[in-house]
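What follows is calculated from the coordinates using simple rules that are stated; it is not laboratory data. In this text the structure is predicted, and so the values were computed from the model without any measurement. Counting neighbours? That spans all protein chains shown, and the Cβs are built from the backbone with ideal geometry, glycine included.
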Amino acid sequence: MTDHLSLTTLNALVDGELSAGQLAVAKEHLDACNACTSSALAQSLLKTAMAKSGQRYHAPPELTDRMKRLLSEQEIPGHRHAVSSGVRLSGWAAAAIILVLFGGWMFLGRHALRSNTASTENAALMTEVCDLHIATLAANMPPQVLSSDRHTVKPWFQGKLPFSFNLPENLPDETKLEGANLTYVHDRPVAQLLYSVGRHRVSVFLQEKTGESGTSDFLTHQSGFQIAGFSTRELEIVAVSDVDSARLAGLMDMIRRVQVS
Amino acid sequence: MTLLPWRRKLHEDAPVASSFEDLALPLLPALYNLAFWLARNAHDAEDLVQETFLKALRGFSGFEEGTNFKAWIFRILRNTYLTSRSGLAALRTVALEDELGEQGESGQVIYREGAIERQTPELNLMRLGDRAAIQDAMEKLPPPLLEVVLLCDVEEMKYKEIATILEIPIGTVMSRIARARGLLRRELQANSMFSRDFRA
């Protein structure tokens, strides 16, 4: 018996990943091979032991309660509260004034809530793009598409993103396209273009614009990084880098110019 | 390349049959268990789970009903971990694919074919259900190997689901599983021999 089952086959066998045909072949071999039968048993035993031992940590009840509370609180803004349409206008001026004041207060309150939500979401977006940029630097891995050629990088995203974009041919001095990654921001697919400006690295994130979002031009700082952004009719574009703001703005300007407005 | 199985729907206001709470809360124990294994402490694990829930809730309108919610939320947890402090530290210290020198993608060289004997000491440990020894061995696995065996053995996910969550090809899932189990066996064997020597 020379052709023993490979370790991959043994694993697939105990994980229930073999097709009917592969399973039949494996069973036939196991019937005649003690060594492989022993190996299969060992892998199966290990899997069972892992399954038991792996269930080690139990969520504290406080966490469960907190999550329940958090979910109910988070879902409140999405609920549509019935407007008090039954209220009838009376002829009383005082009542009318109270209603107007109350209405104004409600409007301002809702506007403030919406603004707060928007600024919270914006802050979360900044944190997430910063984290992604740092993770890219820390991973020290080559980009998923490694090329300085825009005609290679752009087509690589075909079929991977539900939108398209343009890359500038001319770049500012010392600026070079290094490649790109497909990544996710807020669970939406995003193109992460990687540039180098001198020895600095820049991540430029391009994502499809959502109906309600409308990022106007901005330049801000977070954790020592410059973050610049703008939006076109269809895209939101945010760049993160530790390069100085002027050079980051120069790159963003080039990217903006080539987008279809 | 197949991707975006939960691709955002164009009609974001389409009615959602199952509420987020109904789908997510039953998975909290499993999410917490994985988060703790990855983060290695309760505080970070709780933060990870909470952030995962918030992100998932925010993106729930884009979740395609009828697709795999468990894989979807586990992927969010895993991506959240990768950008967390402990995840970044793990990324810095592990260059997994570089360490695959002793075996190919098929993961066939850790043990010679048919070389696993019935009465090896690590098998005895497994038979005895020595949880502590197995958990010690699991703790020594690099995070990319640990997460793959946790998803496969504890969460009983299929290779395809694991590949989707970890954003790696199925072949890499298979090689990581082979490598993880090989390392576990080796660690259990070393542990068992040490115990025997110590007792003697």
Label zone at B:Arg131, where the point sits 7 Å out along the Cα-to-Cβ direction: region B:32-75 residues whose backbone N lies under 16 Å: B:33-34, B:37
Can you report the principal axis dimensions of region A:174-261 using only the alpha carbons, biggest first, rounded to whole angstrom? 37, 28, 24
Taking 41 Å as R0, compute the FRET efficiency from the Cβ-Cβ separation of A:His58 and A:Met141 and round it to 0.05. 0.75
Ratio of Rg to Rh for region B:20-90, alpha carbon only, Kirkwood? 0.97
Let me know the volume per residue of the alpha-carbon convex hull for region A:7-50, in Å³. 58 Å³
Could you put A:Lys47, B:Lys158, A:Lys68 in order, starting from the residue whose Cβ has the fewest other Cβ atoms within 10 Å? A:Lys68, B:Lys158, A:Lys47
Cα pair distances of region A:217-261 binned at 5 Å [whole percent]: 5, 23, 34, 20, 12, 5, 0
Evaluate E = 1/(1 + (r/R0)^6) for A:Ser148 and A:Arg257, where r is the Cβ-Cβ distance and R0 equals 22 Å; express this FRET efficiency to the nearest 0.05. 0.70
Report the semi-axes of the equivalent ellipsoid for region A:121-221 in whole Å, largest first, where each axis is √(5λ) for an eigenvalue λ of the Cα gyration tensor. 21, 17, 14
Using the beta-carbon distance between A:Lys27 and B:Ala190 and R0 = 35 Å, what value does 1/(1 + (r/R0)^6) give for FRET efficiency, to the nearest 0.05? 0.60
